[in-house]
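First the structure, in the form of structure tokens, and then the observations on it.
The values are calculated or read from the model by the stated rules, or taken from the named source; none is laboratory data. In this text the structure is predicted, and so the values were computed from the model without any measurement. Here Cβ is always computed from backbone atoms with ideal geometry, including for glycine, and neighbour counts include all displayed protein chains. Side chains included, ligands, DNA and RNA excluded: accessible areas come from the protein's heavy atoms. Shrake-Rupley method; radii C 1.70, N 1.55, O 1.52, S 1.80 Å.
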Amino acid sequence: MAKHIPIRQCVACRTARPKRELLRVVIDANGEISLDPTGKKAGRGAYVCRSRQCLEQAIRGHKLDRSLKNRVDEATIAALVAEMEALPPEKETDDPASANA
Ligand SMILES: [Zn+2]
């Protein structure tokens, strides 16, 4: 019984990956932008790879602004990068097939 795996595209590098391998950035009803490691927060979301490079590219290339339909300011950028770096490293052991991708 293969479960359907939702695929999302990184807004920075345009790589399509299984949703759980990407990082969701979400904007809530108050305009607060934050990372959503669980994928469960309410609001408009955009996906980026779990890499500082993609996160910064998404922000500085104004791709997040466009996806979230909101301007992302410098303070938010710093907060998002810090938040991402505080996340535990991506697990690599539970899906051997992805190592060959
Ligand atoms: Zn990416």
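If you go through the stretch 4-24 and keep only what is away from the ligand (no atom under 12 Å from the Cβ) and surrounded by 18 or more Cβ atoms within 10 Å (Cβ to Cβ), you end up with just ARG24.
When the residues of the stretch 25-49 are filtered to those that are open to solvent by 80 Å² or more (accessible area, probe 1.4 Å) and of a type in the set (D, E, K, R), the one that is nearest to ALA75 (Cα to Cα) is GLU32. Listed by first and then second residue, the pairs with beta-carbon distance under 7 Å, at least 6 apart or on different chains, first residue in the stretch 68-88 and under 20 Å from GLY43 (Cα atoms), second part of a loop (DSSP other than H, G, I, E, B) and open to solvent by 20 Å² or more (accessible area, probe 1.4 Å), are ASN70/GLY31.
What pairs can you find where one residue is in the stretch 11-23 and under 22 Å from ARG60 (Cα atoms) and of a type in the set (S, T, N, Q), the other is near the ligand (Cβ under 10 Å from one of its atoms) and open to solvent by less than 20 Å² (accessible area, probe 1.4 Å), and their Cβ atoms are less than 9 Å apart, with a gap of 6+ or different chains? These pairs meet every condition: THR15/LEU22; THR15/CYS49; THR15/CYS54.
Under the condition of being among the polar types (S, T, N, Q) and within 15 Å of the ligand (Cβ to nearest atom), the residues counted in the stretch 25-51 number 1.
Only residues that are over 13 Å from LEU68 (Cα atoms), at pLDDT 90 or above and not basic (Lys, Arg) were counted in the stretch 22-41, giving 3.
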